[in-house]
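The values are calculated or read from the model by the stated rules, or taken from the named source; none is laboratory data. A quick note: this is a predicted structure, and the numbers were derived from the prediction, not measured. Cβ placement follows ideal geometry from the backbone for every residue including glycine, while neighbour counts extend to all protein chains displayed.
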Amino acid sequence: MNEQLTKNFYPGHATCAGCGIPAIVRHVLDEADDSVVVINATGCLEVTSTLYPYTAWKVPYIHNAFENAGATASGVETAYRILKKKKKIDKDIKFVIFAGDGGTYDIGLQSLSGMLERGHKVLYVNYDNEGYMNTGGQRSGATPYGANMTTTPASETDIGNKTFRKDLMEIVKGHHLEYLAQANVAYIEDLRKKTKKAFQALEKGPAFLLVLQPCTNVWKFPTSDYVKVGKLATETNFWPLYEIEKDNYKINLKIENPKPIEEYLKTQRRFKHLLRPENQEVVNYIQENINQRWNKLLKKAECQF
Amino acid sequence: MEIEHPVQHKKEKAMDTGNWRNHYPVVDESKCIACGNCVKYCPEACIFLDDSEKAEASKSGKVAKIDLEFCKGCGVCAQVCPVNAISMRTEEGGNNNETKSKKDKEKTN
């Protein structure tokens, strides 16, 4: 057993074999120097780590409901601030929210926005597995174009999900955060670096991390491959690694020769139908969209304020 | 302010995820370069770098050790190893009684 990494989050939880969520949780919490309080939105992480009577959490943990992780964190953080002011607590405590993409992109968006607007000093970590995975793989606002999900099934005539994923980074950036970043579980060192910066930024206000988390169960790839699929997402520019510090964009990893998106699509069975010859146009459309977004991001990174 | 929590982390109540496994990882210690890739990516944090006397015989003085207690047998460690020092082997006869933990044996008895 790895003593250092299991200090805050112990094994014995029921995440699927080959799921990257525990890795995200462990490495994020490992970067915190002070004591942490974890706030969790409903999602894969919550249902798998808190099976009564066992809890995998060795840190104080609160789960409220699906839509209000941000609001709960606001309350907890405010209570801490007041108690500290009254000198009833002298410890330094960091507050970390873990939420999935359902609890962030769709259901918890208003409470996230409220929390960011009020400037509560909380780190929000969104592990993005692009759908509602623990209830069987329904589509969410994060589901990419052309994915075969249970609520948007692909067929002979249908290509599955027909909307592009929400650009959550832009939505969060609109709240003028000190620090927000897009990371990927397949690049753990990069994730740890960003977490460190995010914890430092907490002195001034909230921070936000968006972390890609390939889901072996619904994306449908072998359990051993979450790192491989995650790396491909970045190597094809589908999931660029960048950070926004005081409204300045910085790209952390520029891929010299990005791979074509087919390389990424063919690793997962949720995109299997797109590889049929009659769907070549759809693949081209996705590629065009990715190129466009990447070029926009390059332009944004050029202007510094 | 100390408050007694109704649910506390107790290791003995942990779910026995070791018996989910169909395959188990084996480290070839002569090949291991102790890069720590498997340690980082293991979803159950089962792997650690051992720097005790035994490991000194290997190239870098450290070697990856896998604790199979909670290992779900996903195979991520074998996939991320840059020198292919980790291989997955099939549990004989599925997950038989020998590999099952004490808790389960007590139940079946």
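Results, tabulated for the structure shown:
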read-out	value
Condition check for A:Tyr105: of a type in the set (Phe, Trp, Tyr) and part of a loop (DSSP other than H, G, I, E, B)	no
Residues (buried (at least 24 other Cβ atoms within 10 Å of the Cβ) and farther than 23 Å from A:Pro153 by Cβ) located in segment A:214-226	A:Tyr226
Residues located in segment A:216-229, provided they are part of a helix (DSSP H, G or I) and within 10 Å of another protein chain (Cβ to nearest Cβ)	A:Thr216, A:Thr223, A:Ser224, A:Asp225, A:Tyr226, A:Val227, A:Lys228
Count - residues of segment A:37-56 that are crowded, with 21+ Cβ neighbours inside 10 Å, of a type outside the set (Ser, Thr, Tyr) and either more than 8 Å from chain B (Cβ to nearest Cβ) or over 18 Å from B:Lys72 (Cα atoms) (or both)	7
Counted residues, segment A:143-184 - those being small (Gly, Ala, Ser) and either surrounded by fewer than 22 Cβ atoms within 10 Å (Cβ to Cβ) or not in a loop (DSSP other than H, G, I, E, B) (or both)	5
Residue in segment A:67-87 that is crowded, with 16+ Cβ neighbours inside 10 Å, closer than 23 Å to B:Lys11 by Cα, within 13 Å of chain B (Cβ to nearest Cβ) and not aliphatic (A, V, I, L, M) present	no
A:Glu189 being surrounded by fewer than 16 Cβ atoms within 10 Å (Cβ to Cβ) and within 26 Å of B:Tyr41 (Cα to Cα)	yes
Filtered residues of segment A:290-305 (kept if buried (at least 16 other Cβ atoms within 10 Å of the Cβ) and over 17 Å from A:Ala181 (Cα atoms))	A:Ile290
A:Ser113 away from chain B (no Cβ under 14 Å), modelled with pLDDT of 95 or more and closer than 24 Å to A:Ala142 by Cα	yes
Residues (more than 14 Å from the chain's Cα centre (by Cα) and within 8 Å of chain A (Cβ to nearest Cβ)) located in segment B:68-92	B:Gln79, B:Val80
Condition met for A:Arg118 (within 19 Å of the chain's Cα centre (by Cα) and among the basic types (Lys, Arg))	no
Residue in segment A:239-251 that is of a type outside the set (Phe, Trp, Tyr), assigned to a loop (DSSP other than H, G, I, E, B) and at pLDDT 95 or above present	yes
The listed residue being more than 10 Å from chain A (Cβ to nearest Cβ), over 12 Å from the mean Cα position of the chain (by Cα) and at pLDDT below 95, out of B:Glu12, B:Glu56	B:Glu56
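Condition check ((1) among the polar types (S, T, N, Q); (2) not in a helix (DSSP H, G or I)) across all residues:
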{"position": "A:His13", "(1), (2)": "no, yes"}
{"position": "A:Cys16", "(1), (2)": "no, yes"}
{"position": "A:Val25", "(1), (2)": "no, no"}
{"position": "A:Asp33", "(1), (2)": "no, yes"}
{"position": "A:Val37", "(1), (2)": "no, yes"}
{"position": "A:Thr42", "(1), (2)": "yes, yes"}
{"position": "A:Leu45", "(1), (2)": "no, no"}
{"position": "A:Thr48", "(1), (2)": "yes, no"}
{"position": "A:Tyr52", "(1), (2)": "no, yes"}
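Matching residues to (1) within 26 Å of A:Ser111 (Cβ to Cβ); (2) at the interface with chain B (Cβ under 7 Å from one of its Cβ atoms); (3) surrounded by fewer than 19 Cβ atoms within 10 Å (Cβ to Cβ); (4) in contact with a strand residue (DSSP E or B) (Cβ under 6 Å, 6 or more places away or on another chain):
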| residue | (1), (2), (3), (4) |
| --- | --- |
| A:Pro11 | no, yes, no, no |
| A:Ala17 | no, yes, no, no |
| A:Arg26 | yes, yes, no, yes |
| A:Asp30 | no, no, yes, no |
| A:Asp33 | no, no, yes, no |
